[in-house]
Amino acid sequence: MARRSSNDTEAIANVLRVLPAKWIIGLLVAVVLYFFLQPRLNQWFGWSLPSIAAMAGNEAPAKNPKLTNNKTGSAASKSPAATKSTAEPKSPSETKPSAVSKSSSTASSGGAASPKQADEDYKYRILKPVGRDRYESPAGLIYAPGSEEGHRLAHIAKHLEDQPERPGSHGVFEGDMASFLVAIDDAYKRARGHAKGTKSRVEDGMTVYEAPFDQTIGYLGGTEGARKRNPKLKKMRLVIRDRNLITAFPIQ
Amino acid sequence: MAKPFLIYVKHCPVCGDGLCRVRVCQDPRRGRLTGCILCDDCETVWTDPSLRQKFTKGKVAATPCCPDCGESLWEQTSHWADIPEVCLLGWYDSVQIVRTEQRDQIV
């Protein structure tokens, strides 16, 4: 955006002289309200409202706003969250943190069926780096280091493939990691908004959300899944602690 | 190296998908072994196999912590219990044991 010249300033001053005082006060109140609400609205609803600094031209525009890579799979392309994710302004080369290699290599073993570079692609096309090895989804979920695998992304990657020897049930998501992340965001947004068919309960600081899907998202694995001939699953359960995703998997 | 046995109490009543497994924390300063039950999926911690009392406070936020020392249960001082450790804790009767490898692979 071009910088304002002195002519622009004069034009604004002329407009302000013409407007009644109460309109100007109302306008200022609206600007202040927008200033405080804009980041929260973006966070709550996954919108991408521009900040006042960006509108005034004081904030550098994104270098690579259009990402043309389209590997996110069918679920990702169908979901509205996927279209938002493609508008992430930061390019991979700009935002790559130094300590992501461990988690991405472990995540790749979970069935993404692609090399390390593809793993980093899904992070940067869908998730936004918000700190050292911490990522935020468009819906506001945080994927941080933790779990036995070292990172939540590596942990949820275990639900991308069946563990037929595991006792009991094991929900398996059918799709790649990118479409799994999009589906998790979709379920989270609907469950937080108390959409029809969703459930939520709080258990000692953790919130457990359940959200149904129109289509099959996975199947039941583990020994119980094998016994039942791997029935298809159309619901997802999320366990969240303070916006940190702990785990997510399809359920019956 | 993967352990030849999977030891668990029951399926997690919180998330429904995880297994409530025995986790032990060995405090190197005090040299004592503390056992607790940890869901391997949602990371809920209980103080014993009855799963009556959860432990939610620890020194590390958003991480399951040892009910005794309060440190993260994902630190190198903690690990999944093996059968002798389960016996030492007196929890052998409360757990189920599943063999995860073929018999000839067990050493």
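The values are calculated or read from the model by the stated rules, or taken from the named source; none is laboratory data. Source: prediction; values computed, not measured. Every residue, glycine as well, gets a Cβ built from its backbone with ideal geometry; the counts of neighbours run over all protein chains shown. For accessibility, only protein heavy atoms count, side chains too; no ligands or nucleic acids. Shrake-Rupley method; radii C 1.70, N 1.55, O 1.52, S 1.80 Å.
Calculate the spin-label point distance for A:Arg132 paired with B:Gln53, positioning each point 7 Å from the Cα along the beta-carbon direction, and give it in nanometres.
Placing both labels 7 Å beyond Cα along the Cβ direction yields 3.5 nm.
Hey, what does the equivalent ellipsoid look like for chain B, semi-axes from the Cα gyration tensor as sqrt of 5 times each eigenvalue, largest first, whole Å?
Over the Cα atoms of chain B, the ellipsoid semi-axes are 22, 17, 13 Å.
Mind checking which of B:Trp80, B:Trp46, B:Trp91 has the largest fluctuation in a GNM of chain B, springs on alpha carbons under 10 Å?
B:Trp91
Using only the Cα atoms of the stretch A:125-217, build the gyration tensor, take square roots of its eigenvalues as a ≥ b ≥ c, and label the shape rounded, prolate or oblate: rounded if a/c is under 1.5, else prolate if a/b is larger than b/c, else oblate.
Verdict is rounded for the stretch A:125-217.
Given H placed 1.01 Å from N in the peptide plane, which residues other than close sequence neighbours of B:Arg21 have an amide H under 5 Å from its amide H?
Counting only residues 5 or more places away or on other chains, the set is B:Val9, B:Leu38, B:Cys39, B:Asp40.
Can you compute 3J(HN,Hα) from phi for each residue in the stretch B:58-69, using the Karplus curve 6.51 cos²θ - 1.76 cosθ + 1.60 with θ = phi - 60°, rounded to whole Hz and x for Gly and Pro?
x, 7, 10, 5, 6, 9, x, 10, 5, x, 8, 9
Please arrange B:Thr44, B:Thr63 by accessible surface area, largest first, computed with a 1.4 Å probe and ligands excluded.
Descending accessible area places them as B:Thr63, B:Thr44.
Within the set A:Lys158/A:Lys199; A:Lys196/A:Lys235; B:Lys10/B:Lys54; A:Lys189/A:Lys235; A:Lys128/A:Lys158; A:Lys196/A:Lys234, which residue pairs have Cα atoms separated by over 18 Å?
A:Lys158/A:Lys199; A:Lys128/A:Lys158
Place a point 7 Å from the Cα of B:Ala61 along the Cα-to-Cβ direction; which residues of the stretch A:202-245 have their backbone N under 20 Å from it?
A:203-208, A:239-245
In Å², rounded to the nearest 100, what is the total accessible surface buried by chains A and B against each other with a 1.4 Å probe?
Roughly 1900 Å² of accessible surface disappears when A and B pair.
Of B:Lys10, A:Lys22, A:Lys158, which has the most accessible area and how do the rest follow, probe 1.4 Å?
A:Lys22, B:Lys10, A:Lys158
Can you grab the distance from the C-alpha centre of the stretch A:193-252 to the C-alpha centre of the stretch B:7-71, Å, no decimals?
For the stretch A:193-252 versus the stretch B:7-71, the Cα centre distance is 22 Å.
Average partner chain C-beta neighbours within 10 Å, per residue of B:9-18?
Per residue, the number of nearby Cβ atoms from other chains is 6 on average.
Provide the per residue accessible area, probe 1.4 Å, for the stretch B:13-107, rounded to a whole number of square angstrom.
About 52 Å² of surface per residue is accessible.
Quick one: pull the percent of accessible area on chain B belonging to carbon and sulfur, 1.4 Å probe, ligands and nucleic acids left out.
Its accessible area is 48 percent carbon and sulfur atoms.
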